[in-house]
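Single-structure report; data block below.
The values are calculated or read from the model by the stated rules, or taken from the named source; none is laboratory data. Computed from a prediction, not measured in an experiment: that's the story for all the values here. Reconstructed Cβ throughout: ideal geometry from the backbone, glycine too, with neighbour counts over all protein chains shown. When the accessible area is computed, the model is the full protein with side chains, heavy atoms only, and any ligands, DNA or RNA have been set aside. Shrake-Rupley method; radii C 1.70, N 1.55, O 1.52, S 1.80 Å.
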Amino acid sequence: MSVGSEDVKRWAAELEFLACGVTDLAPNAYAAELDAWLAAGRGGTMRYINRQAKKRKDPKLADGEARSVIVLLENYYRHDPAGDEAPAKVARYARGRDYHATMLTRVEQLAARLRQQGAAHTRCYVDTGPVAERELARRSGLGWIGKNAMLLRPGVGSWFFIGEIFTDLPLAPDAPMDTDHCGSCTRCLDACPTDAFVEPRVLDATRCISYLTIEQRGPIPDELAQKMEGRVFGCDICNDVCPWNRRFATDTSVAGYQPQQLLSDAQPNRFEQMTEAEFDAEFGSTPLSRPGLAGMQRNFAAAFAATVPSTRVTPNV
Ligand code: B12
Ligand code: SF4
Ligand code: SF4
C-alpha cells in the first residue's frame with residue numbers, strides 16, 4: 001500500500017494531535033535570521049544552538065535518509081486557575097509531567113504506524129532535536145510566526161508543542177503559511193516585563209524570564225530579577241496576552257498534561273529545605289529537573305527579590 005499525506009493526517013487525528021502538516025527537506029528559508037540571532041549573542045549560554053546551526057539551517061544534514069518531514073502540534077492547555085494564581089508561578093507547559101516524554105511517546109505511536117504501512121525509516125523529535133521546529137511547522141502550513149516569536153495557528157493560538165517525524169516516505173508537502181495574522185496588534189511586545197523583544201519576532205533570550213529560570217547557569221542579574229514577580233520557572237506573559245489564545249484556548253485531551261500540585265500548594269519555598277534526593281523523587285520526571293534543585297533555589301531567590309530583601313525566601317511569599 002502506498003501511504004499519502006492524507007493518510008498520515010487521518011492517523012494523526014485519530015491519535016488526537018491538534019494538527020499535522022507535511023514539508024520537504026529544503027533548506028531553512030530563515031537561515032540568515034538564525035545566523036544573525038546567534039551572531040548577536042541572543043542565545044546567551046545555549047551554545048548547543050550554535051553547535052547545531054548547520055543542521056537547523058539544512059534539515060537534510062539532520063537526517064540524510066529522510067525524504068519528508070511530518071510536523072505535529074500537541075495542545076497542552078488546561079484551564080488551571082490555581083496554577084495561574086499561585087504566588088510561585090510555573091509556566092503552563094511545565095505544570096504536568098515532562099512533556100518531551102509525553103509527546104514523544106505519542107509521536108512514536110504514529111511513527112510505528114508508518115512503519116507498519118511501509119516506511120523503512122522514521123526519526124522522531126520533540127524539542128530535543130537539532131532542527132528549527134517553528135520554521136518546519138510554518139512551512140508545512142500549520143501556522144504563522146507571531147510577533148512574540150511563537151508559532152500561532154489560526155483558530156487555535158499557541159498553547160501547543162511541536163514535534164516531527166523524519167521519514168523516507170515520499171509525501172506531498174503542504175503549502176507554507178505565509179500570511180501574518182498579527183495585524184497592528186503589539187500586546188505581546190508591550191507586555192513583556194523585561195523588554196526582551198529587540199523587534200517583532202526577534203527575542204533576546206538573555207533577557208527572557210524563560211531563559212533566565214530554565215537555561216541560564218549562574219546568578220540572575222538584579223535588574224531582571226526585579227521583573228520576575230514570582231515567576232520561578234518559565235514565563236507565559238507573551239502567550240497569555242495574545243488575543244488568539246484568549247479567544248481560542250481549549251483544554252487538551254491528553255492526560256499527561258494534567259497539572260500536578262507542583263508549587264501551587266501552601267509551601268512554595270520548600271526547595272530551601274529539600275535534599276537532592278527529595279527533589280529527584282518529587283520533580284525528577286518534571287521539567288523542573290532541568291535547572292535542578294540549586295537552579296530552583298536560585299529562581300526563588302530572584303523571583304521574590306523585589307519583596308524579600310535577603311536571598312532567603314520567607315514562607316509567606
Ligand atoms: C532555544 C529555545 C528557547 C529559548 C529561546 C526562544 C526563542 N524565541 O528563540 C527560550 C529559553 C527563551 C525559550 C522560551 C520559550 N519556549 Co522555547 N525553544 C527553544 C528551542 C529549543 C530552539 C529555538 C531557537 O532555535 N531559537 C532561535 C530563533 C532564532 O529561532 P526560532 O525561534 O525557532 O525562529 C525561527 C523562525 O521564527 C524563523 N524566523 C526568524 N525571523 C523570522 C521572521 C519572519 C517574518 C518569519 C516568518 C520567520 C522568522 O527563523 C528561525 C529559525 O531559523 C525550540 C525547539 C526547537 N528545536 O526549535 C523551543 C520552542 C521554540 N519553545 C517552545 C516554548 C513552548 C517556549 C515557551 C513558551 C516556554 C515558556 N512558557 O517558558 C517560551 C516562549 C518564549 C518566546 N516568546 O519565544 C516551543 C514553541 C511552540 C510554539 N507554539 O511556537 C518550542 C518549539 C519547543 C517545542 N518543541 O514545542 N525557548
Ligand atoms: S516569555 Fe516572558 S520574559 Fe520571555 S519574551 Fe515572553 S513575556 Fe518576555
Ligand atoms: S499578542 Fe498580538 S502581536 Fe503578539 S503574537 Fe498575539 S496577535 Fe501577534
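Structure summary
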{"quantity": "Extension gain (nm, one decimal) between Asp190 and Gln260, 0.36 nm per residue minus Cα-Cα", "calculated": "22.1 nm"}
{"quantity": "Whole-Å distance, taken between Cα centres, linking the range 45-89 and the range 153-230", "calculated": "11 Å"}
{"quantity": "Debye intensity ratio I(q)/I(0), log10, the chain, q values 0.11 Å⁻¹ (C-alpha model)", "calculated": "-0.71"}
{"quantity": "Where no second cysteine Cβ lies under 4.7 Å, the cysteines concerned in the chain", "calculated": "Cys20, Cys124, Cys182, Cys185, Cys192, Cys208, Cys235, Cys242"}
{"quantity": "For the range 5-167, size of Cβ-based charge dipole, Lys and Arg +1, Asp and Glu -1, in debye", "calculated": "360 debye"}
{"quantity": "Cross-link reach list, lysines versus Lys55, counting only Cα pairs under 30 Å and skipping chain neighbours closer than eight places", "calculated": "Lys9, Lys147"}
{"quantity": "The range 1-96, Cα convex hull volume normalised per residue, Å³", "calculated": "160 Å³"}
{"quantity": "Residue-wise HN-Hα coupling along the range 75-92, computed from phi with Karplus coefficients 6.51, -1.76, 1.60 (Hz; x: Gly, Pro)", "calculated": "5, 10, 5, 9, 4, 8, x, 4, x, 5, 9, 4, x, 9, 9, 10, 4, 3"}
{"quantity": "Per residue Cα convex hull volume in Å³ - calculated over the range 5-167", "calculated": "132 Å³"}
{"quantity": "Dimensions in Å of the range 80-124 - Rg and Dmax from alpha carbons", "calculated": "16.7, 51"}
{"quantity": "Candidate lysines for bridging to Lys60, where Cα separation is under 16 Å - those fewer than 8 sequence places away on the same chain excluded", "calculated": "none"}
{"quantity": "Per-peptide average of other Cβ atoms within 10 Å, ordering 210-219, 179-188 highest first", "calculated": "210-219, 179-188"}
{"quantity": "Per-q log10 I(q)/I(0), the range 41-137, q = 0.11, 0.19 Å⁻¹ (Debye; single scatterer per alpha-carbon; no solvent)", "calculated": "-0.47, -1.06"}
{"quantity": "Residue (of Met228, Gly118, Leu38) at the positive-pole extreme of the chain, dipole from beta-carbon charges", "calculated": "Leu38"}
{"quantity": "Accessible surface of the range 5-167 [probe 1.4 Å, protein heavy atoms]: carbon and sulfur percent", "calculated": "49 percent"}
